[in-house]
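Have a look at the structure below, then the notes.
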Amino acid sequence: MSAPQLIAPDAAHKDSYAAALREGLHLEPATEADIQLAEKDFAAYMAKRHDLTVPVILPNGQQVQRLPQRDLWLVKDGEFIGIASLRPQLNDVLRQRGGNLGYAVRRSERSKGYGKMIMKLVQPHAKALGLDKLLVTCNDDNAGSIRIIEGAGGVLQDKV
């Protein structure tokens, strides 16, 4: 058994990534079309995920400009476990929801310490991008994320 590592997205792990999307990775479920694209044409999927010309559609239907982000995957024994998305720039929307760091752990691997691990392993990557402090947001009712953020030294800034 190997120790979990935070790596750049890699097509070698695309099948377990697609499986994580199917079982539940993000708050907003992935579309079947996106999951199939990740499985069949990983490069095209990643290009689409990071295409700055395509706006982000928020749950309320509002469209906002996509900003650059760097994705890192937590993998263990060749399996995708979770993701960290670092955003060096913020807009008004990300200051309210999203922040500099978004992270998620696939549903089947939650409550095993991987969120805490991602938070620890991502810090050197954030510093390399010039981020000395990270804004991390979560919903008020997400007790697991609150524990992870506070455990990493996070301090409640405000409630929106």
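Rundown of residues vs (1) in contact (Cβ under 8 Å) with a residue 12 or more places away in the chain; (2) farther than 22 Å from residue 4 by Cα, yes/no style:
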| residue | (1), (2) |
| --- | --- |
| 98 | yes, yes |
| 109 | yes, no |
| 113 | no, no |
| 127 | no, no |
| 130 | yes, yes |
| 149 | yes, no |
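Can you find a residue that is open to solvent by 60 Å² or more (accessible area, probe 1.4 Å) and out of contact with any strand residue (DSSP E or B) (no Cβ under 7 Å at 6 or more places or on another chain) anywhere in the range 72-79? Yes, the range 72-79 contains at least one residue that is open to solvent by 60 Å² or more (accessible area, probe 1.4 Å) and out of contact with any strand residue (DSSP E or B) (no Cβ under 7 Å at 6 or more places or on another chain).
For the range 4-33, which residues satisfy the criterion of being open to solvent by 70 Å² or more (accessible area, probe 1.4 Å), in contact (Cβ under 8 Å) with a residue 24 or more places away in the chain and not in a loop (DSSP other than H, G, I, E, B)? Correct list: 5, 12, 15. Does the range 34-42 contain at least one residue that is open to solvent by 60 Å² or more (accessible area, probe 1.4 Å), among the basic types (Lys, Arg) and part of a helix (DSSP H, G or I)? Taking every residue of the range 34-42 in turn, at least one turns out to be open to solvent by 60 Å² or more (accessible area, probe 1.4 Å), among the basic types (Lys, Arg) and part of a helix (DSSP H, G or I).
Taking residue 127 as the residue in question, decide whether it is closer than 23 Å to residue 18 by Cβ and open to solvent by 80 Å² or more (accessible area, probe 1.4 Å). So residue 127 fails the test. Check 96, 36 and return the single one that is polar (S, T, N, Q) and modelled with pLDDT under 95. Matching residue, one of 96, 36: 96. Answer yes if at least one residue in the range 60-71 is in contact (Cβ under 8 Å) with a residue 40 or more places away in the chain and either buried (at least 16 other Cβ atoms within 10 Å of the Cβ) or of a type in the set (Asp, Glu) (or both), and no otherwise. So far as the range 60-71 goes, yes, one or more of its residues are in contact (Cβ under 8 Å) with a residue 40 or more places away in the chain and either buried (at least 16 other Cβ atoms within 10 Å of the Cβ) or of a type in the set (Asp, Glu) (or both).
The values are calculated or read from the model by the stated rules, or taken from the named source; none is laboratory data. The structure displayed is predicted, hence computed values, not measured ones. FYI the Cβ positions are ideal-geometry reconstructions off the backbone, even for glycines, and counts take in every protein chain you see. With ligands, DNA and RNA removed, areas are computed over all heavy atoms of the protein, side chains included. Shrake-Rupley method; radii C 1.70, N 1.55, O 1.52, S 1.80 Å.
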